[in-house]
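Working notes, beginning with the structure itself.
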Amino acid sequence: MTNSNSVSRVALKKITPDVSAAMGSLHGAAVSAAQDAKVEPEILELVRIRASQLNGCAFCLDMHTKDARAQGEAEQRIYALNAWRETPFFSARERAALALTEAVTLVHDGQVPDAVYAEAAEVFDEAQVAALIWTATVINAYNRIAIATRMVPGAYRPAEK
């Protein structure tokens, strides 16, 4: 699963299956928390796409744009996501989730600002804010795994409904 133009990279699932399984369990727990908190699946995909854009993760961008399309997401919104602040295409909840995602993803720039957190807390309850933080954290971890191991985009297909 490495780019043909690069040095061969470690196959994490094969070499560290227990850690890979734990990561899968963390992902599953984050998805369950979001479902239990009733965070809209469309928002979760926007969070995953936006974090992947910020991190430059081609593999996860391929996966989550396909998943978003399979859920009925509009192409226009996917294309404009990188400039979401400049468009009228996103709701207040989506904007708050995207701002929180950016702050969590770019935490090295100086923490999650109180104003960003407060904006999210205005439109999401505590369980939903927690689920959004977990969703952003998990996709950031997956972005780093995919980038470090040079996972090649293109072959992913969304699950059939």
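Looking at 131, 155, just one residue is assigned to a helix (DSSP H, G or I), out of contact with any Cys (no Cβ under 7 Å at 6 or more places or on another chain) and not charged (D, E, K, R), and that residue is 131. Screening segment 102-116 for residues that are open to solvent by less than 60 Å² (accessible area, probe 1.4 Å) and assigned to a helix (DSSP H, G or I) and picking the one that is farthest from residue 48 (Cα to Cα) gives 116. Tell me yes or no: at least one residue of segment 20-35 is assigned to a loop (DSSP other than H, G, I, E, B), surrounded by 12 or more Cβ atoms within 10 Å (Cβ to Cβ) and modelled with pLDDT of 95 or more. Scanning segment 20-35, I find no residue that is assigned to a loop (DSSP other than H, G, I, E, B), surrounded by 12 or more Cβ atoms within 10 Å (Cβ to Cβ) and modelled with pLDDT of 95 or more, so the answer is no. With the condition kept exactly as written, say whether any residue in segment 79-89 is surrounded by 13 or more Cβ atoms within 10 Å (Cβ to Cβ) and of a type in the set (Asp, Glu). Looking through segment 79-89, none of the residues is surrounded by 13 or more Cβ atoms within 10 Å (Cβ to Cβ) and of a type in the set (Asp, Glu). Over 17 Å from the mean Cα position of the chain (by Cα) and assigned to a helix (DSSP H, G or I), is that true of residue 79? Answer is no for this residue.
In the set 96, 70, 83, only one residue is free of Cβ contacts under 8 Å to residues at least 60 places away in the same chain and farther than 22 Å from residue 141 by Cα; that residue is 83.
Going through (1) part of a helix (DSSP H, G or I); (2) on the phi > 0 side of the Ramachandran plot one by one, residue 138 falls short only on (2). Within segment 18-45, residues that are closer than 14 Å to residue 142 by Cα sit with their Cβ atoms under 6 Å from residues that are of a type in the set (Ser, Thr, Tyr) and crowded, with 17+ Cβ neighbours inside 10 Å, at 6+ positions apart or across chains, in these pairs: 30/135. One residue stands out among those in segment 135-157 that are among the hydrophobic types (A, V, I, L, M, F, W, C) and open to solvent by 20 Å² or more (accessible area, probe 1.4 Å): the one that is modelled with the lowest pLDDT, which is 152.
Return yes or no: is residue 119 assigned to a loop (DSSP other than H, G, I, E, B) and without any contact (Cβ under 8 Å) to a residue 40 or more places away in the chain? The answer is no for residue 119.
Let's see how each residue does on (1) open to solvent by 30 Å² or more (accessible area, probe 1.4 Å); (2) assigned to a helix (DSSP H, G or I):
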| residue | (1), (2) |
| --- | --- |
| 9 | yes, no |
| 39 | no, no |
| 54 | yes, yes |
| 61 | yes, yes |
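The values are calculated or read from the model by the stated rules, or taken from the named source; none is laboratory data. Every value quoted in this text rests on a predicted model; they were computed, and no experiment measured them. Every residue, glycine as well, gets a Cβ built from its backbone with ideal geometry; the counts of neighbours run over all protein chains shown. Accessible surface areas use protein heavy atoms only, side chains included; no ligands, DNA or RNA. Shrake-Rupley method; radii C 1.70, N 1.55, O 1.52, S 1.80 Å.
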